[in-house]
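The values are calculated or read from the model by the stated rules, or taken from the named source; none is laboratory data. In this text the structure is predicted, and so the values were computed from the model without any measurement. Neighbour counts run over all protein chains shown; Cβ positions are idealised from the backbone, glycine included. These accessible areas exclude ligands, DNA and RNA; they are computed on the full protein's heavy atoms, side chains included. Shrake-Rupley method; radii C 1.70, N 1.55, O 1.52, S 1.80 Å.
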There are 2 protein chains.
Amino acid sequence: MRIGELSARTGVSRRSLRYYEDQGLLVSSRSPSGQRHYDDDHVRRVHLIQAFLAAGMSSATIAEMVPCMAEPSRHKARHALAIMNRERARLSSAMDGLAAARSALDHLIEDNRNYLAKPAADEP
Amino acid sequence: MRIGELSARTGVSRRSLRYYEDQGLLVSSRSPSGQRHYDDDHVRRVHLIQAFLAAGMSSATIAEMVPCMAEPSRHKARHALAIMNRERARLSSAMDGLAAARSALDHLIEDNRNYLAKPAADEP
DNA sequence: CTTGCCCCTGACATCGATGTGAGCGTTTAG
DNA sequence: CTAAACGCTCACATCGATGTCAGGGGCAAG
């Protein structure tokens, strides 16, 4: 498939798909005229990239983790593993942060409900 | 306390504290010469703002939720409640996203471990 | 009074993913 | 063959929270 179809199938703009390739996150085979061609594996890869980007990872970080480009080596694998563990910790603490924010929000919601439940007293 | 101490106590830069005030998230009393003065309540408020910002809310959204400025009214309270519920849903789905990303990451980590556990076979 | 440290405002810079548009080639349906 | 729809590259714009710098006051201790 060409870039338009990959875009439609993943919900990611063509612009972003080209950007991912630019950052080394996605490899495409090119037709003789230079057009990008993809297969189903790329769909999954794009979804993975999306999940990581949405989780707040930078494209550079993803590029370090997912060795999509060159052939793997033990040295790079160890490096990737280090990054992955660091990111995993980051994700966990981000989840804690979200949970804390949500709980604070729940308190605010409760306060607000109580305020609205009271009969109107001092309205301007 | 003045802005420097609030900054030290919360770990938030002076610049950001002034920005919060600019966006209507924080109110300060001013000394006759124009310097901002705060008390312990502001420390808690700043922590709340930090939690919400870290959770990906925009300062405009926070400003709509936390009526720190004018006196409350039932109308504004209903509006705030609507925003809060929307944001709560956003937080929940962000948490789901993080969990999904972390689980995908766990798969990658596992794959990587397996690769490293295998005896070296085809190293360049 | 002066020195040192804090504060004020205002303006410009940064980063990263994405949008947008121009100018130009390619593929495909009629 | 032609026109529509798609693709390519390059370049500039955007947004939001924050950093940083400049120029000018404020306040306490010597």
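Failed condition for A:SER28, given (1) small (Gly, Ala, Ser); (2) within 11 Å of DNA strand C (Cβ to nearest atom); (3) more than 20 Å from B:ALA104 (Cβ to Cβ), with all others met? The number of the failed condition is (2). If you filter the range B:2-17 down to residues that are hydrophobic (A, V, I, L, M, F, W, C) and open to solvent by less than 70 Å² (accessible area, probe 1.4 Å), you find that the one that is nearest to DNA strand D (Cβ to nearest atom) is B:VAL12. From the list A:ALA89, A:ALA80, A:ALA104, the one residue that fits, being at the interface with chain B (Cβ under 7 Å from one of its Cβ atoms), under 22 Å from A:ILE49 (Cα atoms) and part of a helix (DSSP H, G or I), is A:ALA80. Applying the condition of being open to solvent by less than 20 Å² (accessible area, probe 1.4 Å) and assigned to a loop (DSSP other than H, G, I, E, B) to the range A:29-65 and asking which residue is nearest to the other protein chains (Cβ to nearest Cβ) yields A:ALA55. Would you say B:LEU26 is in contact (Cβ under 8 Å) with a residue 40 or more places away in the chain and open to solvent by less than 20 Å² (accessible area, probe 1.4 Å)? Yes, satisfied.
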